[in-house]
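Here is the structure we will look at.
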Amino acid sequence: MTRRIQREKMRATWALPSLLLFLAFSSSFCKASASASTKQDKVGHLHSVYIVYLGKHGGAKAEEAVLEDHRTLLLSVKGSEEEARASLLYSYKHTLNGFAAILSQEEATKLSERSEVVSAFQSEGRWAPHTTRSWRFLGFEEGLDRRPPDDGGDQWLLPSSLDKASEDIIVGILDSGIWPESRSFSDQGLGPVPARWKGTCQGGDSFPSSSCNRKIIGARYYLKAYEAHYNGGLNATYAYRSPRDHDGHGTHTASTAAGRAVAGASALGGFARGSASGGAPLARLAVYKACWPIPGPDPNVENTCFEADMLAAMDDAVGDGVDVLSVSIGSSGAPPRFADDGIALGALHAAARGVVVSCSGGNSGPRPATVSNLAPWMLTVAASSIDRAFHAPVRLGNGVTVMGQTVTPYQLPGDKPYPLVYAADAVVPGTPANVSNQCLPNSLASDKVRGKIVVCLRGAGLRVGKGLEVKRAGGAAILLGNPAASGSEVPVDAHVLPGTAVAAADADTILRYINSSSSPTAVLDPSRTVVDVRPSPVMAQFSSRGPNVLEPSILKPDITAPGLNILAAWSGASSPTKLDGDHRVVQYNIMSGTSMSCPHASAAAALVKAAHPDWSSAAIRSAIMTTATTSDAEGGPLMNGDGSVAGPMDYGSGHIRPRHALDPGLVYDTSYHDYLLFACAASSAGSGSQLDRSVPCPPRPPPPHQLNHPSVAVRGLNGSVTVRRTVTNVGPGAARYAVAVVEPAGVSVTVSPRRLRFARAGEKRAFRIKLEAASRGRSGARVARGQVVAGSYAWSDGGAHVVRSPIVVIFD
């Protein structure tokens, strides 16, 4: 069954008191579900699109020679050379070695049994996009601007030393395309395209090759696997057969990462008005469109991205010369093992070529073990809030006022009370009781809601869809309440009618009032943009949580970044809600999701790359992770949206601080060979699993927790475990560091040596971390099975550098 993510659908979920369920069933998550549309040949064999992965290219080969090798392999299972050529969709020829082809299961099995083949797996539509003052907030949070700005905008000052250097950085965006006419993609004042660029501007529907400029320096699109899955059909009503973005998602992520500074930008209705800017506004953009609408009743809302198409895009991106690849895409449900994961394989070979791959962590929180994009060679990003809100008071008839948030441009007339009704009390007969409060399509009875403010709860269905249902039934406005699991997190929407959204506690207050009154009423006051909101940042409840179900010894997510109510550029072909029937057009739109946090991290990586062009992708990821903060802007601990204290399973190493990452002091570097050894030992892959046939797995590879990673995670600590790490001095010269440890509850931590001395820049030093289980935690309570405990260790030079790493232990 094809798995999808509705980027605006935030599910009501349960909290994280224990991980017993994860411990009991994590092994089942390691098997990817096999599903795809299939075709029958003349003899009745079912055919699907498969990716045949061969590892790394062995030596320099001409592209035509690589293509011929792939055809020869296909010929070994096909009846003729003509059939082999016709079945081949993509030949991956730049970084990874492999191809995508239409195969029967029997043919794929035969190929997988060949010695040169690492894996053969179906290309599925289980992937989808994970759907701005944020940059200005990041600068303010880092102590760079103690005076809060007086607008809701998003411009921040790039370090002057990076002005010229960042023009040479190329950020690739793997998404739904781009709207090139947006002011965010102006090339005014930019110099020539970097000479090393090898890409192209692929023309197509409403996208001549002249659509590229010195800002958007390349654009391509990929849909062979998509069309093979859906039997050749792309509905031109909902998508352009070109790099042009019909959806809006790709334009939003591209401008968040590297959009130019645009004065006077705002969402519909003038909300969040100010200067909008991407994090690396002078970097170049290369666009790789691989996400397309899912045929069905509302193709505007849902996109899907097939692995064969994405892998072709990633292969081309690295061959074209990108420095950073931003991938706001992930899978829901059971994640595939690394050898069968198109994004993970593409990212592995990108990392081997020095490209940083930043990926969204998913929107399935706050349930544990839901984070996606789990490989250690990619940067996996969670989502948190910024310090901006859109306050819209709700005055109840009993004199109580609760604070909502909205960016809908519509207001109820008359500044007067309107009748208030709970959706569950106003549904048509036959509506299932468990969704009677959800305002799902055709669920509301017009005679019970006409002219009233309807209280709906988040959960099933789209938030904007609930507003559309209230409007269809004749309601005057929507009051959208959070379920308990969503806490105080309030994603805002440009609804098609007046309305506002409220936190879970305020929703309870409103419902208690309705139940206590025979004639409940409310007044919805106009909304206004408010900045310097505290506390901030706060972890978004929708953000997917750890642990890593494929390999718990690698902490995921890695970091968090702004992803709640982010303003960025939008497609001129898409309305702010993307609903059929909504014909409004906007230049900028507000969206929420880890899709929005991912390009923030991508921009941070671009800035570090500009400052240190010779650093490896692992070193850049390390700099971002070890300089992240676990404190909010006021110095308190990062919190979750439900009011609980957040931890590494929520935010990984912490909240990004891009400027701090430019000067991390020490980095944890890791090689392609290290990652292959890790894959040999990873619990998801099984004993002796190779990701590259040219590098055999040793009989006893080092355990996964020995990978030289910037965080430490151990599952099943019984007795003691010693973890080894190596750091590289990237400071200006000689340095001395001392370690400070915060022990997890019930775990004794010993670091040796406790001091590191470096005589020069580039010098490496190794150390050991011994974790020993104690019978009881610091409070004296016994540590329960399934409990996650967290601490940290940090190397400090007594000055500007504090190199912090989280420690996480999951008790079996």
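The values are calculated or read from the model by the stated rules, or taken from the named source; none is laboratory data. Small disclaimer: the values here were computed from a predicted structure and weren't measured. Virtual Cβ from ideal backbone geometry, glycine too; neighbours counted across all protein chains shown. The area values use the complete protein model at the heavy-atom level, side chains included, leaving out ligands, DNA and RNA. Shrake-Rupley method; radii C 1.70, N 1.55, O 1.52, S 1.80 Å.
No other residue among Gly716, Gly686, Gly731 is surrounded by fewer than 22 Cβ atoms within 10 Å (Cβ to Cβ) and modelled with pLDDT of 95 or more apart from Gly731. Residues that are modelled with pLDDT under 95 and assigned to a loop (DSSP other than H, G, I, E, B) within segment 211-238 comprise Tyr230, Asn231, Gly232, Gly233, Leu234, Asn235, Ala236, Thr237, Tyr238, listed in sequence order. Looking at segment 245-260, can you tell me whether even one residue there is farther than 20 Å from Asp309 by Cα and part of a loop (DSSP other than H, G, I, E, B)? Checking segment 245-260: at least one residue is farther than 20 Å from Asp309 by Cα and part of a loop (DSSP other than H, G, I, E, B).
Candidates are the residues of segment 275-298 that are within 25 Å of Asp168 (Cα to Cα) and open to solvent by 10 Å² or more (accessible area, probe 1.4 Å); the one that is modelled with the lowest pLDDT is Ser275. Pairs are defined by a Cβ separation below 7 Å, a sequence spacing of at least 6 or placement on different chains, a first member in segment 185-203 that is crowded, with 16+ Cβ neighbours inside 10 Å and β-branched (Val, Ile, Thr), and a second member that is at pLDDT 95 or above and in a loop (DSSP other than H, G, I, E, B); the pairs so defined are Val193/Arg214.
Say whether the condition of being in contact with a strand residue (DSSP E or B) (Cβ under 9 Å, 6 or more places away or on another chain), open to solvent by 50 Å² or more (accessible area, probe 1.4 Å) and over 30 Å from Leu555 (Cβ atoms) is met by at least one residue in segment 376-396.
yes
If the condition is being farther than 14 Å from Asp69 by Cβ, open to solvent by less than 30 Å² (accessible area, probe 1.4 Å) and within 33 Å of the chain's Cα centre (by Cα), then segment 105-126 contributes Ala108, Val118, Ser119, Ala120, Phe121, Ser123, Glu124, Gly125, Arg126.
Does Asn398 meet the test of being closer than 24 Å to Phe542 by Cα and not basic (Lys, Arg)? Spelling it out, it is not the case that Asn398 is closer than 24 Å to Phe542 by Cα and not basic (Lys, Arg).
If the Cβ limit is 7 Å and pairs must be 6+ apart or interchain, which residue in segment 267-289 that is under 14 Å from Ile566 (Cα atoms) and outside any strand (DSSP E or B) pairs with which residue that is at pLDDT below 90 and among the charged types (D, E, K, R)? From residues that are under 14 Å from Ile566 (Cα atoms) and outside any strand (DSSP E or B), the pairs are Ala272/Arg133; Arg273/Asp151; Ser277/Asp154.
Against the numbered list (1) farther than 30 Å from Ser574 by Cβ; (2) at pLDDT 65 or above; (3) open to solvent by 40 Å² or more (accessible area, probe 1.4 Å), Arg147 comes up short only at (2). Scanning segment 693-708 for residues that are in a loop (DSSP other than H, G, I, E, B), closer than 19 Å to Thr726 by Cβ and touching a strand residue (DSSP E or B) at 6+ places or on another chain (Cβ under 8 Å) turns up just one, Asn708.
Mind listing whichever residues of segment 317-345 are among the acidic types (Asp, Glu), assigned to a helix (DSSP H, G or I) and within 24 Å of Ala604 (Cβ to Cβ)? Result: Asp320, single match. Restricting attention to segment 422-443 and to residues that are in contact with a helix residue (DSSP H, G or I) (Cβ under 6 Å, 6 or more places away or on another chain) and not aromatic (Phe, Trp, Tyr), the residue that is surrounded by the most Cβ atoms within 10 Å (Cβ to Cβ) turns out to be Cys439. When Arg220 is tested against (1) touching a Ser or Thr at 6+ places or on another chain (Cβ under 9 Å); (2) surrounded by fewer than 18 Cβ atoms within 10 Å (Cβ to Cβ), exactly one condition is not met: (2). Residues that are at pLDDT 95 or above, open to solvent by 10 Å² or more (accessible area, probe 1.4 Å) and hydrophobic (A, V, I, L, M, F, W, C) were ranked within segment 446-478; the one that is nearest to Ser519 (Cα to Cα) is Ala476. Selection of strands (runs of 3 or more DSSP E) fully inside segment 715-797 by the criterion of at least 2 residues being charged (D, E, K, R) returns 720-729, 755-758, 764-773. Count of segment 484-502 residues, restricted to those that are open to solvent by less than 20 Å² (accessible area, probe 1.4 Å), in contact with a strand residue (DSSP E or B) (Cβ under 8 Å, 6 or more places away or on another chain), within 30 Å of Arg367 (Cα to Cα) and not β-branched (Val, Ile, Thr), is 8.
Look at segment 230-254: where a residue is closer than 17 Å to Ala313 by Cβ and in the same structural domain as Trp570 (by the TED database) and a partner is among the polar types (S, T, N, Q) and outside any loop (DSSP other than H, G, I, E, B), sitting 6+ places away or on another chain with Cβ atoms under 7 Å, you get Asp245/Thr251; Asp247/Asn303; His249/Asn303; His249/Ser595; Thr253/Ser326; Thr253/Ser595.
The set of residues in segment 506-518 that are open to solvent by less than 70 Å² (accessible area, probe 1.4 Å) and within 33 Å of the chain's Cα centre (by Cα) comprises Asp506, Ala507. Across segment 259-306, the number of residues qualifying as in contact with a Pro (Cβ under 7 Å, 6 or more places away or on another chain) and of a type in the set (Val, Ile, Thr) comes to 1. Among the residues making up segment 746-778, those that are of a type in the set (Gly, Ala, Ser) and at pLDDT below 95 are Gly746, Ala773, Ala774, Ser775, Gly777. Give the number of residues within segment 787-806 that are under 27 Å from the mean Cα position of the chain (by Cα) and either of a type in the set (Phe, Trp, Tyr) or farther than 12 Å from Ala740 by Cβ (or both). Within segment 787-806, residues that are under 27 Å from the mean Cα position of the chain (by Cα) and either of a type in the set (Phe, Trp, Tyr) or farther than 12 Å from Ala740 by Cβ (or both) number 6. If you check Thr521, Thr560 for being open to solvent by less than 20 Å² (accessible area, probe 1.4 Å) and hydroxyl-bearing (Ser, Thr, Tyr), only one passes: Thr560.
Being buried (at least 24 other Cβ atoms within 10 Å of the Cβ) and within 22 Å of Ser671 (Cβ to Cβ) is the filter here, so list the residues in segment 607-618 that pass it.
Val608, Lys609, Ser617, Ala618
Can we say Arg693 is modelled with pLDDT of 90 or more, among the basic types (Lys, Arg) and either over 25 Å from Gly798 (Cβ atoms) or not assigned by the TED database to the domain that holds Glu116 (or both)? Considered against the rule, which asks whether it is modelled with pLDDT of 90 or more, among the basic types (Lys, Arg) and either over 25 Å from Gly798 (Cβ atoms) or not assigned by the TED database to the domain that holds Glu116 (or both), Arg693 comes out as no.
Here is a yes/no grid of residues against (1) among the aliphatic types (A, V, I, L, M); (2) buried (at least 22 other Cβ atoms within 10 Å of the Cβ):
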residue	(1), (2)
Leu691	yes, yes
Ser711	no, yes
Val721	yes, no
Tyr737	no, yes
Thr750	no, no
Arg755	no, no
Lys764	no, no
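Does Ala272 count as out of contact with any Ser or Thr (no Cβ under 8 Å at 6 or more places or on another chain) and modelled with pLDDT under 95? So Ala272 does not fit the description; no.
Residues of segment 779-812 that are among the hydroxyl-bearing types (Ser, Thr, Tyr), at pLDDT 95 or above and open to solvent by 10 Å² or more (accessible area, probe 1.4 Å): Ser792, Ser796.
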